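Written below as structure tokens is the structure these notes are about.
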Amino acid sequence: MAITTNDAVISEAIWQAEGNQLWIKRAILVVVGVLVLAACAKIRLMIPPSPVPVNLGTFAVLTLGAAYGPRLGLVTVLAYMLVGLLGFDVFANSSAANNGWAYMSGATGGYLVGFVLATLALGAFSRLGWDRSVPLTALAMVIGNVIIYALGLAWLYVLVDGGMFDAAAYSSPATQTLAWGFIPFWIGDVMKIVFAAILLPTLWKAIGAARA
């Protein structure tokens, strides 16, 4: 299916290529995307009033999905997951001692699956032109976060209810799940949504100005 100007995503608009050059471009973008995802996963910023460092991994996944589109975004995130599965320290809380399948099937496993589905969603929304509007970009980012949290919290609850529940500290497995997997992070996610909602439409305006 031919891609028109109206349904192009940012990666197609700023670097147009055909034939063999298109495949070279895609390969380069996948490599760059994996490196960006790995780097952003390790970036932690303290942003008051949140007491928990804001991690840029989720922001990178959703923004990349929007900029790359559903297909290339999916390939890039799956390549990132493969690198992590092979044991490389590319995830937010992975380490030399905790990586690969052991890490991916642990408490963050659901969030990682959510990354994949959220990337598809953001890419699809970009095909519809949502990333050219501040309100629609914000809505797309909210939906992406909902997907990530829905899968992440569901899997985390299974682990908590299956043996990690601390009855002395929490009233229920659900309370512990929210305390571990949502409450400390929502303020940072709101900030990232706002930033993405400004960034992506601004890039489109810059692309339009460059072509004028």
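The values are calculated or read from the model by the stated rules, or taken from the named source; none is laboratory data. All values reported here derive from a predicted model rather than from experimental measurement. Ideal geometry is used to build each Cβ from the backbone, glycine not excepted, and the neighbour counts take in all protein chains shown. Quick note on the areas: whole protein, heavy atoms, side chains included, nothing else; ligands and nucleic acids left out. Shrake-Rupley method; radii C 1.70, N 1.55, O 1.52, S 1.80 Å.
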What percent do you get for the relative contact order of the chain when only Cα pairs under 8 Å and 6+ apart count?
-> 23
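Can you order the peptides 55-62, 198-205 by their average number of other Cβ atoms within 10 Å per residue, highest first?
55-62, 198-205
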GNM, the chain, Cα, under 10 Å: largest mean-square fluctuation among Ala67, Ala174, Ala118?
-> Ala174
For helix 19-41, what angle does its Cα long axis make with the longest principal axis of the chain, in degrees from 0 to 90 and rounded to 10?
-> 30
Placed amide H near Val54: partners under 5 Å, 5+ positions off or other chain | Leu45, Met46, Ile47
Pop out the ³J(HN,Hα) list for segment 170-184 in order, Karplus 6.51 cos²θ - 1.76 cosθ + 1.60 with θ = phi - 60°, rounded to Hz; leave Gly and Pro as x.
-> 10, 7, 7, x, 5, 4, 5, 4, 5, 5, 7, x, 9, 3, x
Pairing the Cα long axis of helix 134-159 with the longest principal axis of the chain, what angle in degrees results, from 0 to 90 and rounded to the nearest 10?
-> 30
So how tilted is helix 57-68 from the main axis of the chain? Cα-based, degrees 0 to 90, rounded to 10.
-> 20
With the dipole of the chain worked out from charges on the C-beta (+1 for Lys and Arg, -1 for Asp and Glu) around the Cα centre, which of Ile207, Tyr111, Ala167 lies farthest toward the positive end?
-> Ile207
Using the heavy atoms of the protein chains alone and a 1.4 angstrom probe, what is the accessible area of segment 63-212 per residue in square angstrom?
-> 48
For the chain, with a Gaussian network of springs between Cα atoms less than 10 Å apart, report the residue from Leu178, Leu120, Leu72 with the top mean-square fluctuation.
-> Leu178
Of all alpha-carbon pairs in the chain, indicate the percentage at a distance above 28 angstrom.
-> 30
Starting from the Cα of Lys42, draw a straight line to each of the lysines and keep only those under 21 Å, dropping any in the same chain fewer than 8 residues away.
-> Lys192
Whole-number value, in Å³ per residue, for the convex hull of the alpha carbons of segment 21-124 is 101
Calculate what fraction, in whole %, of the accessible area of segment 127-212 sits on carbon and sulfur atoms when a 1.4 Å probe is rolled over the protein chains.
-> 76
What accessible area, in Å² to the nearest ten, does a 1.4 Å probe give for Ile147?
-> 40
With the dipole of the chain defined by +1 on each Lys or Arg Cβ and -1 on each Asp or Glu Cβ, the option from Ile24, Gly84, Leu178 whose Cα lies farthest towards the positive pole is Ile24
